[in-house]
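**Student:** Before we start, here is the structure in question, set down as C-alpha cells.
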Amino acid sequence: MSKVKTSSGIDEIRGKTNGRDSGYFYMRNGKQFYRSREENYQQNQSPRQKWNSAAFKYANSQLKLLTSPEAKAQLETEFEAAKHIASNGKSYSTSRAWKFNSLIHDYKLAHPFQQ
C-alpha cells in the first residue's frame, strides 16, 4: 500500500491496503477507484506453461513413490552409475534432484510440446 500526497494535500491510496483484501485502489484521471478481482494467476496458463506444469506434476508423483529403503538404495546406485549427470546433460549434487530433473526431461521427450 502506498499513500501519495497530491498537490492539494489529499491522500491517494494505491494498491492493496491489506493482504487479505479482494481488490486494490488505483487512480485514473485524478479520481480514485477500487477494483476487486479474482486472483487466478495459475488458472490462466499458456499451452507451454501447462505442458511444463504437467511435466512437473508427473515428476513429483513419480518421486513420491520412491519411499522404501530398497528404492532409495537403487536410486543412489543409479545416481552414482550415471556420475551425477541427468538425461538432460546437467550435473546434480543430490540423487533426488538428479531423478526429479531426469523425470521431467523424460516426460518432455515422451510428450513433445505442440502448439
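No value in this document is a laboratory result; all are computed from the given coordinates. What you see is a predicted model, and the numbers here were worked out from it, not measured in a lab. Cβ sites come from the backbone with ideal geometry, for glycine too, and all protein chains shown count toward neighbours.
**Student:** How many residues does segment 95-113 hold that are loosely packed, with under 11 Cβ neighbours inside 10 Å and outside any helix (DSSP H, G or I)?
**Tutor:** So the answer is 1.
**Student:** Could you check segment 73-94 and list, in sequence order, the residues that are assigned to a loop (DSSP other than H, G, I, E, B) and more than 27 Å from the chain's Cα centre (by Cα)? It would help to see each step written out before you state the result.
**Tutor:** Residues of segment 73-94 assigned to a loop (DSSP other than H, G, I, E, B): 82-84, 86-90, 92-94.
Answer for segment 73-94, where residues must be assigned to a loop (DSSP other than H, G, I, E, B) and more than 27 Å from the chain's Cα centre (by Cα): A82, K83.
**Student:** Using the structure shown, decide if E70 is assigned to a helix (DSSP H, G or I), loosely packed, with under 10 Cβ neighbours inside 10 Å and of a type outside the set (V, I, T).
**Tutor:** Judged against the criteria, E70 is a match.
**Student:** Go through (1) assigned to a strand (DSSP E or B); (2) surrounded by fewer than 13 Cβ atoms within 10 Å (Cβ to Cβ) for Q32 and report which single condition fails.
**Tutor:** (2)
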